[in-house]
Amino acid sequence: MIEMEDVYKKYPNGVVAANGINVSIKQGEFVYVVGPSGAGKSTFIKMMYREEKPSKGAIMIDGVNLAKLKESKVPIFRRNLGVVFQDFKLLPKLTVYENVAFALEVIEEGPKYIKKRVMEVLDLVGLKHKSRMLPTELSGGEQQRVSIARSIVNSPKVMIADEPTGNLDPETSWEIMRIFEEINTRGTTIVMATHNREIVNTIRHRVIAIENGQIIRDEQRGDYGYES
Amino acid sequence: MKARTIRRHIKESLRNLGRNGWMTFASVSAVTVTLMLVGVFFVIMMNLNKVATDIEEDVRIRVHVDIAATEEDQQALKSKIQQIADVDTVEYSSKEAELDNLIASLGEEGEAFKLFEQDNPLYDVFIVKTKEPEQLEKVAKQIEKFEFASKVKYGQDDVNKLFSFIKTSRNVGLILIVGLLFTAMFLISNTIKITIVARRREIEIMRLVGATNSFIRWPFFMEGIMIGILGSVIPIVLISTLYTYSYDYISAKLEGHFIQLLEMNPFMYQVAGLLILLGAFIGIWGSLMSVRKFLKI
């Protein structure tokens, strides 16, 4: 599903954030990406949803080579991808329902389908009853669930999460992880960058550790491996 | 694009214009001032051109006939002039008729010239029209050589002066207008930049969930057009009102002359069309300038 071959990334300021990364992630896998701040985790994640372009090498996601993908084709590519962030990135003036529907409106889906599909995913994240509320009226965990609902509303094959529990308290984090597990068991590949040692060590999955722009460890059912 | 999407874009752009009310007002005002000046200038230029063409087309050569010429000499001169290839018509105007014209054109003060009826100092005149205004000078030179043609006058110098005046004022006006157009575009592009900054998060999310660039761009594009067209309303109303009054006033003065202003219809429609187009163009250009920078397309 995701293949990286000899990926290099050098920023204009000279920082090398990826220094020869090779990795292969299969359909349906759940992968944690760990490593200290500034080690290249974010770049690794950003290159997957084509926010950054590799300087060298190839990144194949679901048969698309992101290194060669034309700028005009990026939006189409992203429709098959769900992205979740630490800061939720919700629109404060729209209701929960509207925030999720927004993702379908901008790709010009029909209103009937939008209604049906949005209620479906809100049900999945357990927020059907709060669909008319504004994000500011929700707790952090609930806001993150809205953003997860938005990311899966297109039924993506791959989900990218950049520290999704970074702003949440431990209990809420577990809630979010339960939803991720649920999405994963339905067949969606999940790549999640995290600093949460407890989660990685408890819900065991493949762990990729990145330092100085290189993968220094890649093990199935691995542990976090850093002192928190 | 689907009708639903167009509706969404229009709603979106109207909301943005409302949200940034003062900037919208500033941009619309800038367009209004620009188009007002462009419009007034355009109306004046077009009318000056019309007047110049009218005058040019009416330019004739006046051939003063030597007083020593007999009736036969005059006839001979007339037929010689008629034989010149580029000459269209030759009219005779006796010195008595010339004096009457002069008295009439001077109005009340002309009464004094009635004294000259006893001893007319004027010449008999042939009024020569050429087929094309450009041949005036050539024909005039030919006539000068004829016997009994004592003085040959034509208004070419005046026409040339008028044309060079029009040309100079047109160039000065154009520079002014280009400057104003750029100011208006700059203001519009700033307004739209502010609406983009206000919506940066929204745009970021749109990009993440797979909205195409053109989808993101449309509302801003429409905002630009709306600002431009809103800005053209006041100039169109004011200019057409002013022109109606000036037209009536000036036409009354020009009654009976060969010079005419441009008719209200279709001229005012042309001016309105031009101003709307120009407004929309300024708006589109301003919005494209700012969107391009922000969307890194």
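Considering only segment A:118-228, give the strands (runs of 3 or more DSSP E) lying wholly within it that have at least 1 residues that are surrounded by fewer than 18 Cβ atoms within 10 Å (Cβ to Cβ) and in contact with a strand residue (DSSP E or B) (Cβ under 6 Å, 6 or more places away or on another chain). Please lay out each step first, then the result.
Details: elements: A:158-162, A:189-193, A:206-211, A:214-219.
Counting at least 1 such residues, we get A:206-211, A:214-219.
Which one of B:ARG200, B:ARG170 is surrounded by fewer than 17 Cβ atoms within 10 Å (Cβ to Cβ), closer than 30 Å to A:ASN80 by Cβ and in contact with a helix residue (DSSP H, G or I) (Cβ under 9 Å, 6 or more places away or on another chain)?
Working: B:ARG170 fails: closer than 30 Å to A:ASN80 by Cβ.
Among B:ARG200, B:ARG170, only B:ARG200 is surrounded by fewer than 17 Cβ atoms within 10 Å (Cβ to Cβ), closer than 30 Å to A:ASN80 by Cβ and in contact with a helix residue (DSSP H, G or I) (Cβ under 9 Å, 6 or more places away or on another chain).
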Among the residues of segment B:20-37, is there at least one that is farther than 30 Å from B:PHE126 by Cα, modelled with pLDDT of 85 or more, touching a Phe, Trp or Tyr at 6+ places or on another chain (Cβ under 6 Å) and not polar (S, T, N, Q)? no
Restricting the search to segment B:203-223, which residues are more than 20 Å from B:ALA3 (Cα to Cα) and among the β-branched types (Val, Ile, Thr)? B:ILE203, B:ILE205, B:VAL209
The residue that is nearest to the other protein chains (Cβ to nearest Cβ), considering only those in segment A:94-116 that are in a helix (DSSP H, G or I) and aliphatic (A, V, I, L, M), is A:ALA103
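Here are B:GLU108, B:GLU56: which of them is more than 30 Å from B:ASN265 (Cβ to Cβ), out of contact with any Asp or Glu (no Cβ under 8 Å at 6 or more places or on another chain) and either assigned to a helix (DSSP H, G or I) or not assigned by TED's automatic domain parsing to the domain that holds B:GLN270 (or both)?
Details: B:GLU56 fails: more than 30 Å from B:ASN265 (Cβ to Cβ).
Just a single option satisfies the conditions, and that option is B:GLU108.
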Residue that is surrounded by the fewest Cβ atoms within 10 Å (Cβ to Cβ), among those in segment B:70-105 that are touching a strand residue (DSSP E or B) at 6+ places or on another chain (Cβ under 7 Å), among the hydrophobic types (A, V, I, L, M, F, W, C) and not in a strand (DSSP E or B): B:ILE81
Inspect all residues belonging to segment B:14-27 and state whether any of them is part of a helix (DSSP H, G or I), more than 14 Å from chain A (Cβ to nearest Cβ), out of contact with any Ser or Thr (no Cβ under 7 Å at 6 or more places or on another chain) and crowded, with 19+ Cβ neighbours inside 10 Å. no
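Just the residues that are assigned to a helix (DSSP H, G or I) and either touching a residue at least 24 places away in the same chain (Cβ under 8 Å) or over 11 Å from B:ILE81 (Cα atoms) (or both), please, taken from segment B:125-150.
Narrowing segment B:125-150 to residues assigned to a helix (DSSP H, G or I): B:133-144.
Once the filter is applied, which keeps residues that are assigned to a helix (DSSP H, G or I) and either touching a residue at least 24 places away in the same chain (Cβ under 8 Å) or over 11 Å from B:ILE81 (Cα atoms) (or both), segment B:125-150 yields B:PRO133, B:GLU134, B:GLN135, B:LEU136, B:GLU137, B:LYS138, B:VAL139, B:ALA140, B:LYS141, B:GLN142, B:ILE143.
Can you spot a residue in segment B:202-212 that is touching a residue at least 40 places away in the same chain (Cβ under 8 Å) and away from chain A (no Cβ under 14 Å)? Explain how you work it out, then say what you get.
Step one: of segment B:202-212, the residues touching a residue at least 40 places away in the same chain (Cβ under 8 Å) are B:203.
Cutting the leftovers down to away from chain A (no Cβ under 14 Å) gives us none.
Checking segment B:202-212: not a single residue is touching a residue at least 40 places away in the same chain (Cβ under 8 Å) and away from chain A (no Cβ under 14 Å).
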B:ASP119 fails exactly one of the following numbered conditions: (1) crowded, with 18+ Cβ neighbours inside 10 Å; (2) assigned to a loop (DSSP other than H, G, I, E, B). What is the number of that condition? (1)
Looking at (1) among the hydrophobic types (A, V, I, L, M, F, W, C); (2) in contact with a helix residue (DSSP H, G or I) (Cβ under 8 Å, 6 or more places away or on another chain); (3) farther than 30 Å from A:PRO75 by Cβ, which is the one condition that is false for B:ILE175? (2)
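If only one of B:GLY210, B:GLY224 is assigned to a loop (DSSP other than H, G, I, E, B) and either at pLDDT below 80 or not charged (D, E, K, R) (or both), which one is it?
On the way: B:GLY224 fails: assigned to a loop (DSSP other than H, G, I, E, B).
After applying the criteria, what remains is B:GLY210.
For B:LYS193, are the conditions met, namely being more than 14 Å from chain A (Cβ to nearest Cβ), among the charged types (D, E, K, R), assigned to a helix (DSSP H, G or I) and crowded, with 17+ Cβ neighbours inside 10 Å? Lay out the reasoning, then the answer.
Details: more than 14 Å from chain A (Cβ to nearest Cβ): yes; among the charged types (D, E, K, R): yes; assigned to a helix (DSSP H, G or I): yes; crowded, with 17+ Cβ neighbours inside 10 Å: yes.
When the stated conditions are applied, B:LYS193 passes them.
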Suppose the filter is within 23 Å of B:PHE258 (Cβ to Cβ), at pLDDT below 80 and not hydrophobic (A, V, I, L, M, F, W, C); does B:GLU134 pass it? yes
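To keep it simple, each residue is scored yes or no on (1) farther than 30 Å from B:LYS193 by Cα; (2) in the same structural domain as B:LYS145 (by TED's automatic domain parsing); (3) under 37 Å from the mean Cα position of the chain (by Cα).
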{"site": "B:MET23", "(1), (2), (3)": "no, no, yes"}
{"site": "B:PHE41", "(1), (2), (3)": "yes, no, yes"}
{"site": "B:LYS50", "(1), (2), (3)": "yes, no, yes"}
{"site": "B:HIS64", "(1), (2), (3)": "yes, yes, yes"}
{"site": "B:GLU71", "(1), (2), (3)": "yes, yes, no"}
{"site": "B:LEU102", "(1), (2), (3)": "yes, yes, yes"}
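The values are calculated or read from the model by the stated rules, or taken from the named source; none is laboratory data. Remember, predicted model here, so these are calculated numbers, not experimental data. Ideal geometry is used to build each Cβ from the backbone, glycine not excepted, and the neighbour counts take in all protein chains shown.
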